[in-house]
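Right, one structure below, let's go through it.
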């Protein structure tokens, strides 16, 4: 960690030494007028020379340098009234700005930053979601799920229907860096992944970066999902919430000291089986229940003009319990994430913004239960402690320099099994694994000319596995903090933007990324009991090279934005379980892995209409995702289970009038790949299955249509209270999309024969839902 | 040994299956899977067992696999037996050829006894089963010795090797009241064992009143969790082929004469039965396929070398 910190400070000194002082600088925070929530991604530019511009950073801070003179400075943000300031700009100036939300109508899910960035910026494969827009789309059982909305975008899919696990451009679910206020979230799903852990009422902004991620992001090789919590209303106390089929929500936020300190508390909980308890308690299953809950809390304090402190946390749990009192048997299954983030924003100067964070996150999974004298427990999980610092330096209008370092202490616990049987104790004997992960980065977003823009970055990452650890290969024993294995990986990043005209641009990018913690699932989708393992002498870091090429254009006459991006990913050290692996909890997991290679490539088309009464998007992806392991089927190349050659999504929203908004989604995807049955053979007078080649066949294609209608009584006169009713129908024409397939052997004793049957099971048939939401400003 | 020492038996799939049953309605659709159109595979099910109380003769069943669309029935089973193969077992410098024997080759009184020992009555069996067996009991299986299996069936050749492990006995067996509220006439079996401090793999069968020995749903366990320890554990009665799951499942009826066949197996056999049993259980919504890990080169199936003993007891508290 000390070496990383020294390198970073050296970079900062080097960069600041070359700043120029001919221009004047305007800087400050941009906030929403009513709540004083900071606004991320606001466009700020000189009206007389739009090439001079910038974007507010993730903390709402901006800095723009330009020659002194008389200008009109424009602040523009989708969903908000633009703000223009015409004056003489002759000296450096601190200029905080508040923007007012626009009138109802005319906004959709995909923000207008997309429109600007696609042409002007060096970002590729980047989408921003605003929760207030997302809430009006039709959803499964009426539960707004930000991760499921991301699945409606090209290049993003799920392994199984209803799952919140994301597979981005052919990458596995562990290859996505999911951040909540900078804390890594290791398990993103409740109820086996059917609902995400993110409570939409607590979220301000979500950014998805599908590839060629900027140098400030690392640790994962496929994508970044950066979720920002709301900071808390600085002006008014408000209460909002909703009641739905599955869960209810309540959020309270407000100022402790007006315009100085605010807090937000947001909770969500299910209750379906709680309501059934009176009936369950009369059966032998008394004690059986299931629920999940999320709790988000955040406090922020403005220490002064230059300093602001944030403290945020998330606590989520799934709790399942089952009891059979006739057999004196019970089992409990609690699991979930806890994250804490302490951040300090400091404006060093009008050109230099600084953020320091201390973070902890804890994911734990447990099964415990027993019968009579026998008790058992299985524990697994991850604990991280993180220290990071990041600086953004705006030396002039042509450069935005970012640098930083991040240190993470990892403790990863495999399935530790313990039990007692009377006086005897059992223990699987597995110890947690420890590692130190260091990262340092430097990048420059360089506006070379009005036609060229380059984002050039370098990230250096390092992972050190330390003891206690015993190498299964060599038998060598490493003591506490003794270095068992070290990896060092350079991760260069380059994106080039060549503008063709004011409405079109061509971009190309190449990046290398490394990943040191891994999740290998033995199921078709991620499950809460899947175990994270670190890199070690046995498990090498995953490496990905990604090459992308994109064309972006805007049709002003129709307010349409169109992009096509093609990508190729070359993946090394991919992990899977060896063939015939069975998880008996008695194996050291890293010895059960096999390593191989992967490739993922495709082309994504996206056509969006972001303004007007009718808005939405059409996305189509043609892609392929494949893997190859020498130890699996003798190195045969096979498709991944989340390979979807064709993926089409159509999303439409229609603002009927000020009260009603209608939405519809249509989704089509090639059926999921699966491993077919090759033959049936008899052992001990019972039929057994011989499977064919992995993922060599496909289920039938998937498609469905969803509708929603949202009624809102919000108006100019309803600042203090309004409510909405959201009516939705999932899978309108009741398409029986197969969720999974199983084989059944039917015995006919009269005929003396057994017939094998293959059965597709569909779970999500037509599902109507209704949710009531309210907003109340107390004072 | 279910849900007691066998942590490996604690499979997550049944937990999640419960969640689905509770939470969600579902629709099922029978589909015709793709016909992979390939020739049938050779299947070997061969056993060699060492027992102080007298072993079953070494025998092997050679069959062919079925395609998915085939009906497994009276008309087809007989045709799937592989006849005329050359099968032998080699150990050290010796080798013994196993003789083909079909039910139709036996005189009726002998046929009745053979079927009875397998748990069938002569009236219920219309198929002419065929096996390859050491009819003269020339092989006396010994523990800690390697036995190699070879089968030539036309152009197909299958072979395997196994070392019969040393035996670890059950120290004692007794019965106690079952937990919860079962019927009064049913009790739970307890056993005591002293596991030696080396890697061992166990398999068990249960028998009630001279019926067939039946293997448990999760009949195998390795000693990773209790290596070198001595302890008591419950042993559940295996579920019969046509038996439904009810409140007495796994329990023993007072007054019955029952038997436990307690075996030591090697790792390759453990892997076979473990993957076979889990493959059956793991057909849920979140499971991926499990490829059954046989130990026979050139064929599906198993060359099962075991060290076994039978414990007969009368069920009483």
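The values are calculated or read from the model by the stated rules, or taken from the named source; none is laboratory data. If you're wondering where the values come from, they're calculated on a predicted model, not measured in any experiment. Note that we place each Cβ from the backbone using ideal geometry, even for glycine, and neighbour counts take in every protein chain shown.
Please enumerate the residues belonging to the stretch B:48-71 that are closer than 23 Å to residue B:84 by Cβ, in contact (Cβ under 8 Å) with a residue 24 or more places away in the chain and over 20 Å from the mean Cα position of the chain (by Cα). I'd like the intermediate steps shown before the answer.
To start, the set of residues in the stretch B:48-71 that are closer than 23 Å to residue B:84 by Cβ comprises B:48, B:57-67, B:70.
The next check asks that each one be in contact (Cβ under 8 Å) with a residue 24 or more places away in the chain; those that pass are B:48, B:57-62, B:64-67.
B:66, B:67 - these are the residues of the stretch B:48-71 that are closer than 23 Å to residue B:84 by Cβ, in contact (Cβ under 8 Å) with a residue 24 or more places away in the chain and over 20 Å from the mean Cα position of the chain (by Cα).
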So which pairs qualify, if the first residue must be in the stretch B:18-47 and more than 7 Å from chain A (Cβ to nearest Cβ), the second must be at pLDDT below 75, the Cβ gap must be under 9 Å, and the two must be at least 6 apart or on different chains?
-> B:20/B:26; B:20/B:284; B:20/B:285
Lone qualifier among B:231, B:245, B:225 - being more than 9 Å from chain A (Cβ to nearest Cβ) and outside any helix (DSSP H, G or I) = B:245
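Test of understanding: among A:413, A:349, A:357, A:364, which residue is in contact with a strand residue (DSSP E or B) (Cβ under 9 Å, 6 or more places away or on another chain) and surrounded by fewer than 18 Cβ atoms within 10 Å (Cβ to Cβ)? Explain how you work it out, then say what you get.
On the way: A:413 fails: surrounded by fewer than 18 Cβ atoms within 10 Å (Cβ to Cβ); A:357 fails: surrounded by fewer than 18 Cβ atoms within 10 Å (Cβ to Cβ); A:364 fails: surrounded by fewer than 18 Cβ atoms within 10 Å (Cβ to Cβ).
Matching residue, one of A:413, A:349, A:357, A:364: A:349.
Of these, A:326, A:307, A:294, which one is within 14 Å of chain B (Cβ to nearest Cβ) and either in contact (Cβ under 8 Å) with a residue 60 or more places away in the chain or surrounded by fewer than 17 Cβ atoms within 10 Å (Cβ to Cβ) (or both)?
Details: A:307 fails: within 14 Å of chain B (Cβ to nearest Cβ); A:294 fails: within 14 Å of chain B (Cβ to nearest Cβ).
Exactly one residue qualifies, and that residue is A:326.
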Does at least one position in the stretch B:186-204 carry a residue that is more than 14 Å from chain A (Cβ to nearest Cβ) and out of contact with any strand residue (DSSP E or B) (no Cβ under 6 Å at 6 or more places or on another chain)?
-> yes
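Considering only strands (runs of 3 or more DSSP E) fully contained in the stretch A:729-779, which possess at least 3 residues that are crowded, with 18+ Cβ neighbours inside 10 Å and at the interface with chain B (Cβ under 7 Å from one of its Cβ atoms)?
Values: elements: A:740-748, A:753-762, A:767-777.
Correct list: A:753-762.
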Identify all residues within the stretch A:425-460 that are in a loop (DSSP other than H, G, I, E, B), touching a strand residue (DSSP E or B) at 6+ places or on another chain (Cβ under 8 Å) and farther than 25 Å from residue A:500 by Cβ; write none if there are none.
-> A:428, A:430, A:431, A:432
Restricting attention to the stretch B:273-283, does a residue exist that is within 9 Å of another protein chain (Cβ to nearest Cβ) and not in a helix (DSSP H, G or I)?
-> yes
In the stretch A:422-446, which residue that is over 14 Å from residue A:215 (Cα atoms) and buried (at least 22 other Cβ atoms within 10 Å of the Cβ) is nearest to the other protein chains (Cβ to nearest Cβ)?
-> A:433
Sort out which residues of the stretch A:660-677 are buried (at least 18 other Cβ atoms within 10 Å of the Cβ), part of a strand (DSSP E or B) and without any contact (Cβ under 8 Å) to a residue 60 or more places away in the chain, and write them in order of number.
-> A:673
Unmet criterion (only one of (1) out of contact with any strand residue (DSSP E or B) (no Cβ under 6 Å at 6 or more places or on another chain); (2) surrounded by fewer than 16 Cβ atoms within 10 Å (Cβ to Cβ); (3) within 30 Å of residue A:628 (Cα to Cα)) for residue A:684 | (3)
Residues that are at the interface with chain A (Cβ under 7 Å from one of its Cβ atoms) and in a loop (DSSP other than H, G, I, E, B), drawn from the stretch B:288-302 = B:288, B:289, B:290, B:291, B:292, B:293
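On the given criteria, is residue A:378 over 23 Å from residue A:295 (Cα atoms) and either at pLDDT 90 or above or in a strand (DSSP E or B) (or both)?
On the way: over 23 Å from residue A:295 (Cα atoms): yes; either at pLDDT 90 or above or in a strand (DSSP E or B) (or both): yes.
It is true that residue A:378 is over 23 Å from residue A:295 (Cα atoms) and either at pLDDT 90 or above or in a strand (DSSP E or B) (or both).
Step by step: first the residues of the stretch A:27-69, then only those that are more than 33 Å from the chain's Cα centre (by Cα) and not in a loop (DSSP other than H, G, I, E, B), then the one that is surrounded by the fewest Cβ atoms within 10 Å (Cβ to Cβ). Which residue is that? Please lay out each step first, then the result.
Going through the stretch A:27-69, the residues more than 33 Å from the chain's Cα centre (by Cα) turn out to be A:46-49, A:65-69.
Going one step further and asking which of them are not in a loop (DSSP other than H, G, I, E, B), we end up with A:46, A:49, A:65-66, A:69.
Values: A:46: 20, A:49: 14, A:65: 24, A:66: 19, A:69: 12.
Filtering the stretch A:27-69 for residues that are more than 33 Å from the chain's Cα centre (by Cα) and not in a loop (DSSP other than H, G, I, E, B), the one surrounded by the fewest Cβ atoms within 10 Å (Cβ to Cβ) comes out as A:69.
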Which one of these does residue B:79 not meet: (1) crowded, with 17+ Cβ neighbours inside 10 Å; (2) under 21 Å from residue B:157 (Cα atoms); (3) within 14 Å of chain A (Cβ to nearest Cβ)?
-> (1)
Got at least one residue in the stretch A:191-199 being within 23 Å of residue A:362 (Cβ to Cβ) and surrounded by fewer than 22 Cβ atoms within 10 Å (Cβ to Cβ)?
-> yes
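Would you check which residues across the stretch A:329-346 are under 22 Å from residue A:184 (Cα atoms) and surrounded by 19 or more Cβ atoms within 10 Å (Cβ to Cβ) and list them?
Kept after step one, since they are under 22 Å from residue A:184 (Cα atoms), are these residues of the stretch A:329-346: A:334-345.
Passing the criteria: A:335, A:336, A:337, A:339, A:341, A:343, A:345.
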If residue A:414 passes every condition in (1) within 14 Å of chain B (Cβ to nearest Cβ); (2) within 28 Å of the chain's Cα centre (by Cα); (3) over 24 Å from residue A:593 (Cβ atoms) but one, which one does it miss?
-> (3)
For residue B:305, indicate whether it is more than 10 Å from chain A (Cβ to nearest Cβ) and assigned to a loop (DSSP other than H, G, I, E, B).
-> no
Filter the strands (runs of 3 or more DSSP E) completely within the stretch A:497-537 down to those with at least 3 residues that are crowded, with 21+ Cβ neighbours inside 10 Å and within 14 Å of chain B (Cβ to nearest Cβ).
-> none
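Here are some residues: A:39, A:104, A:90. Which one is closer than 27 Å to residue A:259 by Cα and either touching a strand residue (DSSP E or B) at 6+ places or on another chain (Cβ under 6 Å) or at pLDDT 90 or above (or both)? I'd like the intermediate steps shown before the answer.
Numbers: A:104 fails: either touching a strand residue (DSSP E or B) at 6+ places or on another chain (Cβ under 6 Å) or at pLDDT 90 or above (or both); A:90 fails: closer than 27 Å to residue A:259 by Cα.
When all the criteria are applied, what remains is A:39.
Tell me the residue from B:256, B:266 that is surrounded by fewer than 20 Cβ atoms within 10 Å (Cβ to Cβ) and more than 10 Å from chain A (Cβ to nearest Cβ), please.
Working: B:266 fails: surrounded by fewer than 20 Cβ atoms within 10 Å (Cβ to Cβ).
Being surrounded by fewer than 20 Cβ atoms within 10 Å (Cβ to Cβ) and more than 10 Å from chain A (Cβ to nearest Cβ) holds for just one of B:256, B:266, which is B:256.
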If residue A:254 passes every condition in (1) in a strand (DSSP E or B); (2) out of contact with any strand residue (DSSP E or B) (no Cβ under 6 Å at 6 or more places or on another chain); (3) more than 26 Å from residue A:347 (Cα to Cα) but one, which one does it miss?
-> (3)
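Name the single residue that is nearest to the chain's Cα centre (by Cα) among those in the stretch A:221-241 being in a loop (DSSP other than H, G, I, E, B) and crowded, with 20+ Cβ neighbours inside 10 Å. Let's see the steps before the verdict.
Looking only at the stretch A:221-241, we keep the residues that are in a loop (DSSP other than H, G, I, E, B), and these are A:221-222, A:230-237.
After this cut, where a residue has to be crowded, with 20+ Cβ neighbours inside 10 Å as well, the list is A:221-222, A:230-234.
Details: A:221: 13, A:222: 11, A:230: 16, A:231: 19, A:232: 22, A:233: 25, A:234: 27 Å.
This residue is A:222.
Test residue A:218 against the stated conditions and say whether it is in a loop (DSSP other than H, G, I, E, B), crowded, with 23+ Cβ neighbours inside 10 Å and at pLDDT below 90.
Numbers: in a loop (DSSP other than H, G, I, E, B): yes; crowded, with 23+ Cβ neighbours inside 10 Å: yes; at pLDDT below 90: no.
When the stated conditions are applied, residue A:218 does not pass them.
Tell me whether the stretch B:209-222 contains one or more residues that are out of contact with any strand residue (DSSP E or B) (no Cβ under 8 Å at 6 or more places or on another chain), within 11 Å of chain A (Cβ to nearest Cβ) and surrounded by 13 or more Cβ atoms within 10 Å (Cβ to Cβ). If you could, list the steps in order and put the result at the bottom.
Keep residues of the stretch B:209-222 that are out of contact with any strand residue (DSSP E or B) (no Cβ under 8 Å at 6 or more places or on another chain), which gives B:211-212, B:217-218.
From what is left, the residues that are within 11 Å of chain A (Cβ to nearest Cβ) are B:212, B:218.
With the extra rule that they be surrounded by 13 or more Cβ atoms within 10 Å (Cβ to Cβ), the set shrinks to B:212, B:218.
Yes, the stretch B:209-222 contains a residue that is out of contact with any strand residue (DSSP E or B) (no Cβ under 8 Å at 6 or more places or on another chain), within 11 Å of chain A (Cβ to nearest Cβ) and surrounded by 13 or more Cβ atoms within 10 Å (Cβ to Cβ).
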Residues located in the stretch A:538-561, provided they are crowded, with 17+ Cβ neighbours inside 10 Å and farther than 30 Å from residue A:470 by Cβ | A:544, A:546, A:548, A:550, A:552, A:553, A:554, A:561
